[in-house]
Amino acid sequence: MFKRDQPYKKLFHVFSKNDFIALLKRLFPILVWLPQYDLKKLRGDLIAGLTCGVIVIPQAIAFANLAKLPPQNGLYASLTPGLIYCLFGTSKDVSTGTGVTLGLYTSRFNPTNTTIGASLLSFISGVILVFMGVFKLGFLIKYAPQLVISAFVSATAITIIVTQFSNLLGIKGAPFNVFEILKYIILNIKKTNKWDITMSAFCLIILAIFIYLSTLKLKKKPLLKKSLLFLCGARMAIVCLFATIVVYIFHVCGYNHKFTMAGKIPNGLPHFQNPFQPVMKGNVTLYLTKNLIDSYGVAVIILPIIMFIEQYSITKAFGRKFNYKVKAQNELIALGIMNIVASFFGGWPVGGSFTRSAVNSISGAQTPLAGVICGIVALLALEFMTPAFYYIPSAALGSMMLMAVLTMVEMSLTKDIWKLYKWDLLPFMAAFGMSFYKLEYGVISGTGISILLMLSREARPKYFSETDDTGRSLTLLLMENLTYPGVGAVNKTIYSEVNSCAGIKTLYLDMSTMVRVDFTILKNFEFMMAELSKKGVSLKFINFSSDSIMKKFINAGLIPIEGILNKEELQIIENDSLSQSNVEILNIKYQKTRITDGENVEQVRSIAEENNTIDNGVSFVFENILHPRNLKTDS
């Protein structure tokens, strides 16, 4: 017998200790891997953490320069992300902190170029990311097509390259807009600093050599290959060290002002900073929190989505490589909390870095604890090494930025798009072109056009039709699932096919591609039946893809219950005085109608009868079988 209180037991399920532990492990993945932690894993994490720590120092200063922020804020933003990701993250390889694209996004989405503005942008982005994680809204990134993201990244990379021309040439006072920068450099080309451009040339050559070495295939020498990959991954640190030593030697020899410097970095750790405080200059208030939020515009919505796409792409890439699962919900929450915490210590939008993550992986990272060690190195650098950072030249930072983003330009993708689906060039070029005006406009325009193209395809579903040998029946098969935008096109197709085939008495509508159905479609089928009945055409549904779709047709009254159950079976179900057990009745119900215990057949039948407003002259027959002409008959 079926017990009626079972659903209530599920509803008021007792939350046991095991359930609580499982919940904690889902929220804090560190509880899964920490009990298995040993000295071997500690060794790998220690080496990887120290290596990434050395690399993160010049990168953080360079990325802060790109974000139009003081160099120390780059290091501030590198302190806490590793610790937060260690608690909430699910990838052992990803290295979190500042990033080249995040630096550019911060400079473009934070028009005031203030540290408070950058921290507030980080906080708001973090809150939105945590909200998306808690309510499992990661699916929203599917509406930003990969080709739009590729166009956006390509435009971003070109923008970064152009913004670094002033650092490479030693020309000061350049504006922010790409076209204005080019115009400014052309007008001020005579102000080029020969020392800066010489330093840039040497740094670019060294970086290019390292990039070439990373492409060598040394299958027979795995140890040499691994050593080369390690050195190539640390190329930014090597170039920064080389440039700093050269500048220091010039300084000792009395040539103090030949190179343009990144600037002095104050000694010590960051103080607690409220991201909601007004921006002050002396006793004068420059910007209130409301002014800062208004200046962001739609960037507060677009930036978190872009940040998650980058983060998830990096973690998924390493997850596939090393065969472990990455959970989108955990990554959203980890990324959100990283940004919230960073905003209170002078940080700005942070996330995963693909370059550092590659170095982290090659160096032997075993768990996310390597990110904590990387943060400790940045902390020690702020406490003890800031005097040495003064000698880092801007030309070296500009060279590192240029070479870091050069491979991000994917204009060759247009050739593949042209071959595969030419219409996709529209969103690609829209996103690419508009990104030079404003980054957020690039994402909005590209995604908008992609959605319009998708809706246009939904509104014109493809179909296949075939008439039998007698010319009295027509089969119509939709080649894709039908949604409500395509209802009008399907109606037009059916009427056109019926009108063009004289003598048609039966229309078979093949439902094998229908994986979901909504109210509009069901009501449209009801209207279609009425119209076809006036023409003396019988409509039959065949080859349903699933029982759930069939049940919706029953509930909508498109298929009478009598077309499924015979009289004897209806009597068994409806007559309480019969000796049939509840189990037997439920079995008959489910086998014939797929209606479960929670639903009443009598109610479904009455609904079907009430909703069946089609002319009685139409023949309604439900057949979840092959088309009659495909059945073998005895000769």
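The values are calculated or read from the model by the stated rules, or taken from the named source; none is laboratory data. Note that the coordinates shown come from a computational prediction; the quantities given were computed from them, not determined experimentally. Backbone-built Cβ (ideal geometry, glycine too); neighbour counts: all protein chains shown. Each accessible area value is taken on the protein alone, full model and side chains, heavy atoms only, with ligands, DNA and RNA left out. Shrake-Rupley method; radii C 1.70, N 1.55, O 1.52, S 1.80 Å.
Condition first: farther than 28 Å from residue 115 by Cβ and out of contact with any Gly (no Cβ under 8 Å at 6 or more places or on another chain). Now tell me which residues in the range 289-336 satisfy that. Across the range 289-336, the qualifying residues are 313, 316, 317, 318, 319, 320, 321, 322, 323, 324, 327. The residues in the range 380-400 that are in contact with a Pro (Cβ under 8 Å, 6 or more places away or on another chain) and in a loop (DSSP other than H, G, I, E, B) can be counted, and the count is 1. In the condition set (1) in a helix (DSSP H, G or I); (2) free of Cβ contacts under 8 Å to residues at least 40 places away in the same chain, residue 437 is compliant with all but (1).
Remark: residue 157 matches the filter, which requires a residue to be open to solvent by less than 10 Å² (accessible area, probe 1.4 Å) and either outside any helix (DSSP H, G or I) or out of contact with any Pro (no Cβ under 9 Å at 6 or more places or on another chain) (or both).
Residues in the range 395-450 that are polar (S, T, N, Q) and either modelled with pLDDT of 90 or more or within 22 Å of the chain's Cα centre (by Cα) (or both) were compared, and the one that is least open to solvent (accessible area, probe 1.4 Å) is 435. Residues in the range 50-75 that are surrounded by fewer than 24 Cβ atoms within 10 Å (Cβ to Cβ) and either at pLDDT 95 or above or assigned to a loop (DSSP other than H, G, I, E, B) (or both): 68, 70. Restricting the range 111-136 to residues that are open to solvent by 40 Å² or more (accessible area, probe 1.4 Å) and in a loop (DSSP other than H, G, I, E, B), the residue that is farthest from residue 414 (Cα to Cα) is 135. Of the listed requirements (1) more than 27 Å from the chain's Cα centre (by Cα); (2) aromatic (Phe, Trp, Tyr); (3) surrounded by fewer than 15 Cβ atoms within 10 Å (Cβ to Cβ), residue 389 misses just one: (3).
Of everything listed in (1) farther than 25 Å from residue 199 by Cβ; (2) surrounded by 15 or more Cβ atoms within 10 Å (Cβ to Cβ), the single unmet condition for residue 236 is (1). For residue 241, state whether it is in a helix (DSSP H, G or I), hydrophobic (A, V, I, L, M, F, W, C), open to solvent by 50 Å² or more (accessible area, probe 1.4 Å) and within 15 Å of residue 397 (Cβ to Cβ). Yes; evaluated as a whole, the condition is true for this residue.
Would you confirm, using the coordinates I've provided, whether residue 205 is out of contact with any helix residue (DSSP H, G or I) (no Cβ under 6 Å at 6 or more places or on another chain) and aliphatic (A, V, I, L, M)? Considered against the rule, which asks whether it is out of contact with any helix residue (DSSP H, G or I) (no Cβ under 6 Å at 6 or more places or on another chain) and aliphatic (A, V, I, L, M), residue 205 comes out as yes. For residue 271, which of the numbered conditions (1) part of a loop (DSSP other than H, G, I, E, B); (2) open to solvent by less than 90 Å² (accessible area, probe 1.4 Å) fails to hold? Condition not satisfied by residue 271: (2). Listed by first and then second residue, the pairs linking a residue in the range 273-299 that is at pLDDT 90 or above to a residue that is part of a helix (DSSP H, G or I) and of a type in the set (Ser, Thr, Tyr), with Cβ atoms under 6 Å apart and 6 or more places separating them unless they lie on different chains, are 275/119; 275/343; 276/289. If the requirement is being farther than 26 Å from residue 231 by Cβ, polar (S, T, N, Q) and open to solvent by 10 Å² or more (accessible area, probe 1.4 Å), which of these qualifies: 339, 330? Exactly one of 339, 330 is farther than 26 Å from residue 231 by Cβ, polar (S, T, N, Q) and open to solvent by 10 Å² or more (accessible area, probe 1.4 Å), namely 330.
So residue 265 passes all but one of these: (1) within 21 Å of residue 368 (Cβ to Cβ); (2) surrounded by 14 or more Cβ atoms within 10 Å (Cβ to Cβ). Which condition number does it fail? With (1) within 21 Å of residue 368 (Cβ to Cβ); (2) surrounded by 14 or more Cβ atoms within 10 Å (Cβ to Cβ) applied to residue 265, the lone miss is (1).
Of all the residues that make up the range 514-525, how many are farther than 20 Å from residue 496 by Cβ and open to solvent by less than 30 Å² (accessible area, probe 1.4 Å)?
Residues in the range 514-525 being farther than 20 Å from residue 496 by Cβ and open to solvent by less than 30 Å² (accessible area, probe 1.4 Å): 3 in total.
Exactly one of these conditions fails for residue 226: (1) under 24 Å from residue 358 (Cβ atoms); (2) open to solvent by 90 Å² or more (accessible area, probe 1.4 Å); (3) more than 33 Å from the chain's Cα centre (by Cα); (4) touching a residue at least 40 places away in the same chain (Cβ under 8 Å). Give me its number. Only one criterion in (1) under 24 Å from residue 358 (Cβ atoms); (2) open to solvent by 90 Å² or more (accessible area, probe 1.4 Å); (3) more than 33 Å from the chain's Cα centre (by Cα); (4) touching a residue at least 40 places away in the same chain (Cβ under 8 Å) is unmet by residue 226, namely (3).
With respect to residue 78, is the statement that it is at pLDDT below 90, of a type in the set (S, T, N, Q) and farther than 19 Å from residue 181 by Cα true?
On the way: at pLDDT below 90: no; of a type in the set (S, T, N, Q): yes; farther than 19 Å from residue 181 by Cα: yes.
Answer is no for this residue.
Taking each residue of the range 188-215 that is within 13 Å of residue 236 (Cβ to Cβ) and looking for partners that are in a helix (DSSP H, G or I) and among the charged types (D, E, K, R) with beta-carbon atoms closer than 8 Å, six or more apart or interchain, yields 206/235; 207/235; 210/235; 211/235. Is it the case that the range 169-188 has a residue that's closer than 22 Å to residue 295 by Cβ, within 23 Å of the chain's Cα centre (by Cα) and either modelled with pLDDT under 90 or not in a loop (DSSP other than H, G, I, E, B) (or both)? No; the residues of the range 169-188 include none that is closer than 22 Å to residue 295 by Cβ, within 23 Å of the chain's Cα centre (by Cα) and either modelled with pLDDT under 90 or not in a loop (DSSP other than H, G, I, E, B) (or both). From the list 148, 162, the lone residue that is touching a residue at least 40 places away in the same chain (Cβ under 8 Å) and assigned to a helix (DSSP H, G or I) is 148. For the range 291-304, the candidate set comprises residues that are open to solvent by less than 40 Å² (accessible area, probe 1.4 Å) and β-branched (Val, Ile, Thr); within that set, the residue that is nearest to the chain's Cα centre (by Cα) is 302.
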